[in-house]
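Chemist: Sharing a structure below in structure tokens format, with a few things to ask.
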Amino acid sequence: MKKAAIYARVSRQDQKTLPMQIQTLKRYAKDRGWRVLIEIRDTASGASDRPRRDEILRAARRREIDAVLVWKLDRWGRSLIDLMASLRELTELGVGFVSVTEALDLTTTTGRAMSGMLAIFADYEREILRERVKMGMAQARLLGRMPGRPLTAALKADEIRSLSAGGNSQSEIARQLGIGRTSVRRLLKS
């Protein structure tokens, strides 16, 4: 009998779909003859870290579970890249993954083939993003702008040294100039 972990998530406290997700996932496990060992109900926005989800990944690494069940892929992954990394890790650990409403079952040959296709799209998305960033940086240079964070503190180096020589503390200098204390400390050190 396979041992499964259930992960259900909503983005906000006021969403009421957690019980429905859990019920559907439990029914799926029961129909497959799987025993649910871990049941996680999580509330986290899409971009935030999910420490509760990490409990399932730790259980997978300890070989305590054989499968992970989720309502939809977007309930599990923070982004396509995060999704593919976690699916790859589960696959390498020999732990199946099932997205019940999307009929994606990585415990089957067809499901694993679909996972491979998703990985290709994730790599494609990563490459497109990388190209866009490079193009944006090149365009900024052509327009005479330097990409990256502005050098606000470095532009005030003389003022920082002058205020420091006048007996002002690093905190006071930072407050007066509207920059961070770390920047003041770094410039005074150099």
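Chemist: If you check Trp76 against the conditions, is it of a type in the set (Phe, Trp, Tyr), farther than 21 Å from Arg126 by Cβ and buried (at least 17 other Cβ atoms within 10 Å of the Cβ)? Working first, answer last.
Modeler: Working: of a type in the set (Phe, Trp, Tyr): yes; farther than 21 Å from Arg126 by Cβ: no; buried (at least 17 other Cβ atoms within 10 Å of the Cβ): yes.
No, not satisfied.
Chemist: Given the conditions (1) loosely packed, with under 15 Cβ neighbours inside 10 Å; (2) assigned to a loop (DSSP other than H, G, I, E, B), and given that Ile65 satisfies all but one, which numbered condition is not satisfied?
Modeler: Of the numbered conditions (1) loosely packed, with under 15 Cβ neighbours inside 10 Å; (2) assigned to a loop (DSSP other than H, G, I, E, B), the odd one out for Ile65 is (1).
Chemist: Then there's this: Contact list please: Cβ distance under 8 Å, first residue in segment 136-158 and within 24 Å of Arg181 (Cβ to Cβ), second residue surrounded by fewer than 10 Cβ atoms within 10 Å (Cβ to Cβ), pairs at least six apart or on different chains.
Modeler: none
Chemist: Ok, one more. Quick check on segment 133-157: of everything there that is part of a helix (DSSP H, G or I) and touching a helix residue (DSSP H, G or I) at 6+ places or on another chain (Cβ under 6 Å), which residue is surrounded by the fewest Cβ atoms within 10 Å (Cβ to Cβ)? Steps first, please.
Modeler: Start the filter on segment 133-157 by keeping residues that are part of a helix (DSSP H, G or I), which leaves 133-142, 154-157.
Filter once more, keeping what is touching a helix residue (DSSP H, G or I) at 6+ places or on another chain (Cβ under 6 Å): 156-157.
On the way: Lys156: 20, Ala157: 15.
Filtering segment 133-157 for residues that are part of a helix (DSSP H, G or I) and touching a helix residue (DSSP H, G or I) at 6+ places or on another chain (Cβ under 6 Å), the one surrounded by the fewest Cβ atoms within 10 Å (Cβ to Cβ) comes out as Ala157.
Chemist: What number goes with the only condition from (1) aromatic (Phe, Trp, Tyr); (2) assigned to a helix (DSSP H, G or I); (3) within 30 Å of Ile38 (Cβ to Cβ) that Tyr124 does not pass?
Modeler: Only one criterion in (1) aromatic (Phe, Trp, Tyr); (2) assigned to a helix (DSSP H, G or I); (3) within 30 Å of Ile38 (Cβ to Cβ) is unmet by Tyr124, namely (3).
Chemist: Here are Val100, Val70: which of them is under 27 Å from Leu129 (Cβ atoms), in contact (Cβ under 8 Å) with a residue 40 or more places away in the chain and in contact with a Phe, Trp or Tyr (Cβ under 6 Å, 6 or more places away or on another chain)?
Modeler: Being under 27 Å from Leu129 (Cβ atoms), in contact (Cβ under 8 Å) with a residue 40 or more places away in the chain and in contact with a Phe, Trp or Tyr (Cβ under 6 Å, 6 or more places away or on another chain) holds for just one of Val100, Val70, which is Val70.
Chemist: Kindly check whether there is at least one residue in segment 72-94 that is over 17 Å from the mean Cα position of the chain (by Cα), among the polar types (S, T, N, Q) and not assigned by TED's automatic domain parsing to the domain that holds Thr24.
Modeler: Residues of segment 72-94 over 17 Å from the mean Cα position of the chain (by Cα): 91-94.
Narrowing further to those that are among the polar types (S, T, N, Q): 91.
Of the ones still in play, those that are also not assigned by TED's automatic domain parsing to the domain that holds Thr24 are none.
Within segment 72-94, none of the residues are over 17 Å from the mean Cα position of the chain (by Cα), among the polar types (S, T, N, Q) and not assigned by TED's automatic domain parsing to the domain that holds Thr24.
Chemist: Hey, another quick one. Here are the criteria: (1) in contact (Cβ under 8 Å) with a residue 24 or more places away in the chain; (2) aliphatic (A, V, I, L, M); (3) surrounded by 16 or more Cβ atoms within 10 Å (Cβ to Cβ). Tell me which single one Ile81 does not satisfy.
Modeler: Condition (3) is where Ile81 drops out.
Chemist: Identify, please: which residue in segment 1-22 is part of a loop (DSSP other than H, G, I, E, B) and exposed (fewer than 11 other Cβ atoms within 10 Å of the Cβ) and is, among those, modelled with the highest pLDDT?
Modeler: Keep residues of segment 1-22 that are part of a loop (DSSP other than H, G, I, E, B), which gives 1-2, 11-17.
Those left that are additionally exposed (fewer than 11 other Cβ atoms within 10 Å of the Cβ): 1, 12-16.
On the way: Met1: 84, Arg12: 75, Gln13: 72, Asp14: 68, Gln15: 74, Lys16: 79.
It comes out as Met1.
Chemist: From Ile160, Ile179, which residue is out of contact with any Gly (no Cβ under 7 Å at 6 or more places or on another chain), assigned to a helix (DSSP H, G or I), over 30 Å from Leu80 (Cα atoms) and hydrophobic (A, V, I, L, M, F, W, C)?
Modeler: Ile160
Chemist: For segment 119-131, indicate whether the set of residues that are modelled with pLDDT of 90 or more and either within 25 Å of the chain's Cα centre (by Cα) or outside the structural domain of Arg9 (by TED's automatic domain parsing) (or both) is non-empty.
Modeler: Within segment 119-131, one or more residues are modelled with pLDDT of 90 or more and either within 25 Å of the chain's Cα centre (by Cα) or outside the structural domain of Arg9 (by TED's automatic domain parsing) (or both).
The values are calculated or read from the model by the stated rules, or taken from the named source; none is laboratory data. Not measured: the values here are computed from a predicted model. Because the Cβ atoms are built from the backbone with ideal geometry, glycine has one as well, and the counts that use them run over all protein chains shown.
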